[in-house]
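Participant: My questions all concern the structure below.
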Amino acid sequence: MGAPGGDFKMSKVTYTERENLGVPVEVGAIDRELRKLWEADDASTNASLMNFLVYTEDPEGLQKNSEMIQSLTQEHACRAVLIAMNRKASEASVKAWITAHCHLAHGKKSICSEQVAFLLQGKSLGRLRNTVFAHLNSDLPLVFWWQGEFSELFEEGLYRLLNRLIFDSSTWRDPLVGFHRLAEAREDTQGRMVTQDLSWTRNYFYRLAIARLFDDPIAQQNFSKINKVFIKAHPSQRMAALQLAAWVIERSGWKLCSLQEGIWLIESREGNEISLEFDWCDEAAPIAELVISAPDCRVAVSREKGNSHICQAICTEGHCVDFSGPADSDDPEGLVASQLSRGGKNSLFMEVFPQFMKLLEEDC
Amino acid sequence: MGETEVSNPFREDLVSRNLAETCSVVIFGATGDLTHRKLIPALYNLAVDGELPAGVKILGFARRDWTDEGFREGLEKLNREVSRTGHDEEIWESLAANVQFHQSEFQDEEGYRRLAERLDEIDRERGGKGNRLFYIASAPAFFDDILLNLKKAGLSQERPDCEGCWSRVIVEKPFGTTLATAQHLNEVVNGTFQEKDTYRIDHYLGKETAQNIMVLRFANAIFEPMWNKEHIDHVQITCAEHLGMEGGRGGYYDKAGALRDMVQNHLLQLLSLVAMEPPTDLTADGVRDEKVKVIRSLRQWDTPELVAENVVRGQYLKGNVNGEEVPGYREEDRVDPDSETESYVALRCMIDTWRWSGVPFYVRMGKRLPKKATEISIHFKETPSVLFNATPGGVPAGNVLVIRIQPDEGISLMMNSKLPGTTLRMEPVKMDFRYASSFGKSSPEAYERLLLDAMAGDATLFARRDEVEEAWRFIDKIHHAWAEEGKGIPIAEFPAGSWGPREAEEMLARDGRTWRRL
């Protein structure tokens with residue numbers, strides 16, 4: 001089946017200009033061509049744990065997504081279905097390609113994931129949905145990565161059948177509209193569809209670090225005395241920063257009160273006033289710093305731009321402990337890989353969602 | 001799972017199990033191979049994955065006159081070689097800054113007093129809880145000394161000045177060599193640490209596939225209704241090693257033998273996971289209560305006649321493994337030339353419970369077999385000979401569900417299928433799930449999971465006192481029978497590189513069965 005670690009390439013086939021998408025095929029012949037692809041080789045194993053669908057409304061996005069799948073399938077065997085939609089095209093048409101991404105598993109056997117790519121041109125009602133449903137592996141879960149903003153094609157007939165929806169709110173021009181659309185979809189599916197914002201995944205190790213630092217009894221003793229929360233982030237990661245703040249507020253049982261001159265005022269369970277401040281800095285890491293302060297204790301997680309580690313620190317009068325830990329990936333592909341590894345129902349995100357929406361509504 | 005009260009609001013729902021708590025980890029036998037090859041790389045990999053709590057201090061306790069710096073250098077060198085995730089300088093530096101060496105003889109009380117002072121100093125510097133995790137990775141001969149001296153130095157007790165602090169001990173195998181020695185060691189351990197703070201390690205239980213046995217059985221509705229004498233014909237558990245006594249291991253092995261070294265702990269643990277009833281919950285004692293019932297229900301082979309009928313012991317002779325000539329067991333380095341220690345053992349176990357009445361569990365373990373493999377195979381009963389007996393070849397065989405523990409971890413199911421063609425012929429086909437193919441990410445090493453669980457107070461994957469003693473009770477009786485002179489239980493011989501002695505084949509043949517070919 002071709003060299004392990006590279007794309008499948010069939011020697012007798014003339015390549016199109018979309019070389020890394022593989023062999024162009026007739027849409028009606030995709031299943032047959034896929035079978036032929038596997039029959040031609042006994043040495044490789046076709047592995048699949050899920051249907052992984054990547055959708056973009058950028059017609060040039062197929063190439064990039066195919067490269068991303070090549071890397072992603074090293075850890076997540078799947079049937080990948082890539083769809084690029086060019087809604088501005090005047091005439092409706094469909095092009096399709098198949099290929100397989102192969103890797104040596106633990107240096108031994110060649111494990112391959114098959115990929116089907118579609119370029120859909122022009123408007124046609126229900127075509128996206130039907131294209132998706134016609135090319136899934138039966139029974140395996142359907143993970144749908146929607147790249148960009150939810151368009152009108154994000155409709156009930158499509159999302160009712162998704163097991164997991166991945167999106168990145170940091171790419172949205174109007175996050176408020178996007179999150180309201182998401183809330184509707186969640187309601188329509190009665191919560192069955194697991195939703196995963198990559199902005200939320202971006203602050204995973206920050207949340208883990210804070211949880212770990214508050215295992216320290218001194219931090220716990222000072223919890224009721226917290227008077228300030230500070231978050232520094234890159235402006236492009238506003239959603240991740242707001243979600244992180246919403247998580248701190250939700251888990252602490254605090255209440256958002258008002259926004260005054262860019263500083264949020266929060267009331268603790270004990271009735272104490274806490275300030276929440278954001279600093280948006282063009283030179284910062286996506287999430288650069290989270291500091292939770294009480295008069296006698298400071299808990300901080302920070303990351304320098306470009307560094308792949310975060311620094312976790314707890315300081316009180318008399319002692320200071322700091323420790324390095326892994327940082328979240330900066331690129332969407334790495335975040336998706338992390339997300340697929342963790343799985344789960346992501347119920348914590350939905351618990352935090354109301355607090356996040358309050359912050360977002362004022363922020364916007 | 002763990003019993004610690006959650007007082008940290010950020011913990012909840014973040015991870016699906018308890019978080020490990022900050023502590024000082026004291027490793028006895030810190031200059032040894034286990035520390036260098038397994039324990040420190042495991043702690044390092046936990047740090048890489050962001051699982052290691054901030055502020056964990058590691059103290060290596062050993063006799064050699066090493067410095068902190070020298071100790072760290074040795075650890076770093078090995079970590080570069082063996083770490084599952086490679087070696088990241090920044091993470092390593094962060095971990096190594098918290099690694100220290102404590103020089104003392106294991107019998108020297110003063111060394112433990114100094115250790116206590118050092119741990120107090122660390123607690124003061126850290127300012128947090130004074131949690132301590134003692135890992136006894138020394139030679140078994142020192143277990144008693146270490147435990148008694150920890151007690152004398154006041155290191156084992158819950159400290160009145162440190163509310164909510166814990167002190168736990170992890171004890172490496174072998175946990176005793178007989179029932180009496182295991183009971184003695186349990187007395188010493190429990191005289192020093194409470195049972196809830198005692199973690200007897202069996203690294204097989206930390207393996208992903210061993211943990212998956214419970215998931216396979218209790219999270220899949222199709223298996224559990226068939227998991228009984230009505231549908232299962234027999235079960236085989238095989239642990240095959242292609243290695244012999246390389247690296248000087250003959251000295252230890254010749255005193256232990258296959259039955260003590262592998263069956264008493266690892267293989268009986270696997271057997272109990274396969275045979276146990278569904279636990280009422282997933283707490284440590286919920287699971288261990290059910291496992292110990294299985295071991296307690298093993299029919300005892302307590303006479304030489306019963307042992308001769310149901311247990312085969314063997315030794316390999318000179319032979320050929322993987323194309324290389326290898327010596328016989330008695331010719332191996334550090335092995336007594338007249339040794340009667342078994343390098344191979346096969347048992348026919350019967351579990352006298354309602355569920356398993358009449359279903360044999362065949363267990364075998366051997367050195368210098370053709371390949372390295374550990375697996376459990378569940379052999380289902382054949383279909384009634386009604387429909388297909390007239391077809392050419394008949395029905396090939398019953399279904400077999402195979403759980404591969406190592407290597408090539410996974411699960412496969414053999415079933416019968418019609419061969420393409422106009423005649424009705426059947427052949428067994430295999431549905432195969434492999435961890436490596438399906439999940440590209442490598443699984444954590446067993447020690448990573450087990451260290452994390454001990455720091456989090458979750459003893460589910462550790463053996464409890466009664467489990468260990470019940471297993472020894474079963475094993476001891478076999479040893480006693482072997483030790484009785486003149487009862488005619490010879491050591492069976494087989495050429496190295498073959499699948500064991502003819503007697504083991506005959507034991508199954510008497511039941512109308514054969515060993516599964518791996």
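Participant: Kindly provide the set of residues from region B:140-182 that are of a type in the set (S, T, N, Q) and closer than 30 Å to B:Asp123 by Cβ, ordered by number. Don't jump to the end; show me each part of the working.
Facilitator: Our first condition is that a residue be of a type in the set (S, T, N, Q); within region B:140-182, this holds for B:149, B:156-157, B:167, B:177-178, B:181.
Of everything in region B:140-182, those that are of a type in the set (S, T, N, Q) and closer than 30 Å to B:Asp123 by Cβ turn out to be B:Asn149, B:Ser156, B:Gln157, B:Ser167.
Participant: Quick one: in region B:311-356, of everything that is touching a residue at least 40 places away in the same chain (Cβ under 8 Å) and basic (Lys, Arg), which residue is farthest from B:Leu268 (Cα to Cα)?
Facilitator: Across region B:311-356, the extreme among qualifying residues is B:Lys318.
Participant: If you don't mind, another one. For residues that are part of a strand (DSSP E or B) and either surrounded by fewer than 18 Cβ atoms within 10 Å (Cβ to Cβ) or within 18 Å of the chain's Cα centre (by Cα) (or both), scanning just region A:65-85, find the one that is farthest from the other protein chains (Cβ to nearest Cβ).
Facilitator: It comes out as A:Ile83.
Participant: Can you pull out the strands (runs of 3 or more DSSP E) entirely within region B:338-428 that have at least 2 residues that are more than 29 Å from B:Ser438 (Cα to Cα)?
Facilitator: Answer list for region B:338-428: B:344-350, B:360-366.
Participant: Sticking with this one: All but one of (1) in contact (Cβ under 8 Å) with a residue 24 or more places away in the chain; (2) part of a helix (DSSP H, G or I); (3) of a type in the set (Lys, Arg) hold for B:Arg84, so report the exception by its number.
Facilitator: (2)
Participant: A:Gly344 versus (1) assigned to a loop (DSSP other than H, G, I, E, B); (2) under 23 Å from B:Ala54 (Cβ atoms): which is the lone unmet condition?
Facilitator: Among (1) assigned to a loop (DSSP other than H, G, I, E, B); (2) under 23 Å from B:Ala54 (Cβ atoms), the lone unmet condition for A:Gly344 is (2).
Participant: From B:Asp458, B:Asp476, which residue is over 29 Å from B:Leu518 (Cα atoms), within 23 Å of the chain's Cα centre (by Cα) and assigned to a helix (DSSP H, G or I)?
Facilitator: Working: B:Asp458 fails: assigned to a helix (DSSP H, G or I).
Sole residue among the options that is over 29 Å from B:Leu518 (Cα atoms), within 23 Å of the chain's Cα centre (by Cα) and assigned to a helix (DSSP H, G or I): B:Asp476.
Participant: What pairs come up if the first residue lies in region A:252-273 and is over 19 Å from A:Phe223 (Cβ atoms) and polar (S, T, N, Q), the second is exposed (fewer than 14 other Cβ atoms within 10 Å of the Cβ) and at pLDDT below 95, and their beta carbons are under 8 Å apart, counting only those six or more places apart or on different chains?
Facilitator: Short answer, once both residue conditions are applied: none.
Participant: Six or more apart or on different chains, Cβ atoms under 6 Å: show the pairs whose first residue is in region B:41-64 and farther than 12 Å from B:Arg449 by Cα and whose second is of a type in the set (Phe, Trp, Tyr).
Facilitator: B:Gly50/A:Phe205; B:Ala54/A:Phe323; B:Gly60/B:Phe71; B:Gly60/B:Phe101; B:Phe61/B:Phe28
Participant: In this structure, is A:Leu242 touching a Leu at 6+ places or on another chain (Cβ under 7 Å), within 20 Å of A:Ser275 (Cα to Cα) and touching a residue at least 12 places away in the same chain (Cβ under 8 Å)?
Facilitator: yes
Participant: Check whether at least one residue in region A:282-305 is at pLDDT below 90, within 30 Å of B:Tyr44 (Cβ to Cβ) and outside the structural domain of A:Asp174 (by TED's automatic domain parsing), and report yes or no.
Facilitator: yes
Participant: Can you name the number of the only condition in (1) within 13 Å of chain A (Cβ to nearest Cβ); (2) at pLDDT 95 or above that B:Ile40 fails?
Facilitator: Failed condition: (1).
Participant: Next question. Taking only region B:27-41 into account, find how many residues are surrounded by fewer than 24 Cβ atoms within 10 Å (Cβ to Cβ) and on the phi < 0 side of the Ramachandran plot.
Facilitator: Residues meeting the conditions: 7.
Participant: Shifting gears a bit: Condition check: assigned to a helix (DSSP H, G or I), of a type outside the set (Val, Ile, Thr), surrounded by fewer than 18 Cβ atoms within 10 Å (Cβ to Cβ) and touching a His at 6+ places or on another chain (Cβ under 6 Å). Does B:Glu110 satisfy that?
Facilitator: The answer is no for B:Glu110.
Participant: Return the residues of region A:314-330 that are closer than 16 Å to B:Ile91 by Cβ and surrounded by fewer than 19 Cβ atoms within 10 Å (Cβ to Cβ); say none if nothing qualifies.
Facilitator: A:Asp322 - this is the single residue of region A:314-330 that is closer than 16 Å to B:Ile91 by Cβ and surrounded by fewer than 19 Cβ atoms within 10 Å (Cβ to Cβ).
Participant: If I filter region A:57-98 down to residues being within 24 Å of A:Ser341 (Cβ to Cβ) and of a type in the set (S, T, N, Q), which single residue comes out as modelled with the lowest pLDDT?
Facilitator: Only one residue fits best here, namely A:Gln74.
Participant: Of everything in region A:48-64, what is more than 14 Å from every other protein chain (Cβ to nearest Cβ) and either over 20 Å from A:Ala134 (Cβ atoms) or in contact (Cβ under 8 Å) with a residue 60 or more places away in the chain (or both)? Give them in sequence order.
Facilitator: A:Asn51, A:Leu53, A:Val54, A:Tyr55, A:Thr56, A:Glu57, A:Asp58, A:Pro59, A:Glu60, A:Gly61, A:Gln63, A:Lys64
Participant: What single numbered condition from (1) surrounded by 14 or more Cβ atoms within 10 Å (Cβ to Cβ); (2) within 12 Å of another protein chain (Cβ to nearest Cβ) fails to hold for A:Phe278?
Facilitator: Every listed condition holds for A:Phe278 apart from (2).
Participant: Can I ask one more? Can you name every residue in region A:302-313 that is more than 10 Å from chain B (Cβ to nearest Cβ) and either buried (at least 19 other Cβ atoms within 10 Å of the Cβ) or of a type in the set (Ser, Thr, Tyr) (or both)?
Facilitator: Across region A:302-313, the qualifying residues are A:Ser302, A:Arg303.
Participant: Spot the failing condition for A:Gln237; the list is (1) surrounded by 21 or more Cβ atoms within 10 Å (Cβ to Cβ); (2) within 14 Å of chain B (Cβ to nearest Cβ); (3) in contact with a Ser or Thr (Cβ under 7 Å, 6 or more places away or on another chain), and only one is missed.
Facilitator: So A:Gln237 meets the others, but not (2).
Participant: Can you tell me how many residues in region A:193-234 are part of a helix (DSSP H, G or I), of a type in the set (Phe, Trp, Tyr) and buried (at least 22 other Cβ atoms within 10 Å of the Cβ)?
Facilitator: Residues that pass the stated criteria total 3.
Participant: In addition: So B:Ile58 clears everything in (1) modelled with pLDDT under 95; (2) within 28 Å of the chain's Cα centre (by Cα) except one condition, right? Which one?
Facilitator: B:Ile58 satisfies all of (1) modelled with pLDDT under 95; (2) within 28 Å of the chain's Cα centre (by Cα) except (1).
Participant: Just checking, which of A:Trp264, A:Trp247 is at pLDDT 95 or above and either part of a loop (DSSP other than H, G, I, E, B) or among the aromatic types (Phe, Trp, Tyr) (or both)?
Facilitator: Exactly one of A:Trp264, A:Trp247 is at pLDDT 95 or above and either part of a loop (DSSP other than H, G, I, E, B) or among the aromatic types (Phe, Trp, Tyr) (or both), namely A:Trp247.
Participant: Name the residues in region B:56-90 that are of a type in the set (Gly, Ala, Ser) and in contact with a Leu (Cβ under 9 Å, 6 or more places away or on another chain), would you? Lay out the reasoning, then the answer.
Facilitator: We begin by selecting, within region B:56-90, every residue of a type in the set (Gly, Ala, Ser); these are B:60, B:62, B:70, B:74, B:83, B:86.
If the condition is that a residue be of a type in the set (Gly, Ala, Ser) and in contact with a Leu (Cβ under 9 Å, 6 or more places away or on another chain), then B:Gly60 is the only one that fits.
Participant: Conditions first: (1) at pLDDT 90 or above; (2) within 14 Å of chain A (Cβ to nearest Cβ); (3) within 17 Å of the chain's Cα centre (by Cα). B:Pro444 passes all but one, so which condition is the exception?
Facilitator: Of (1) at pLDDT 90 or above; (2) within 14 Å of chain A (Cβ to nearest Cβ); (3) within 17 Å of the chain's Cα centre (by Cα), only one is false for B:Pro444: (1).
Participant: While we're here: Name the one entry in A:Gly325, A:Gly318, A:Gly334, A:Gly344 that is facing chain B (nearest Cβ under 10 Å), under 20 Å from the mean Cα position of the chain (by Cα) and small (Gly, Ala, Ser).
Facilitator: Just one listed residue meets the conditions, A:Gly344.
Participant: Among what's in region B:300-321 and is in contact with a Gly (Cβ under 9 Å, 6 or more places away or on another chain) and among the aliphatic types (A, V, I, L, M), pick the residue that is farthest from B:His480 (Cα to Cα).
Facilitator: The selected residue is B:Val321.
Participant: If A:Ser338 meets every condition in (1) part of a loop (DSSP other than H, G, I, E, B); (2) touching a Phe, Trp or Tyr at 6+ places or on another chain (Cβ under 8 Å) apart from one, which number is that one?
Facilitator: Here A:Ser338 meets the rest and fails (1).
Participant: Given the conditions (1) more than 14 Å from chain B (Cβ to nearest Cβ); (2) part of a strand (DSSP E or B), report the number of the one that A:His103 does not fulfil.
Facilitator: It fails just one condition, (1).
The values are calculated or read from the model by the stated rules, or taken from the named source; none is laboratory data. Because the structure is predicted, anything quoted here is derived from the model rather than measured. Neighbour counts are summed over all protein chains in view; Cβ atoms, including those assigned to glycine, are modelled from backbone coordinates with ideal geometry.
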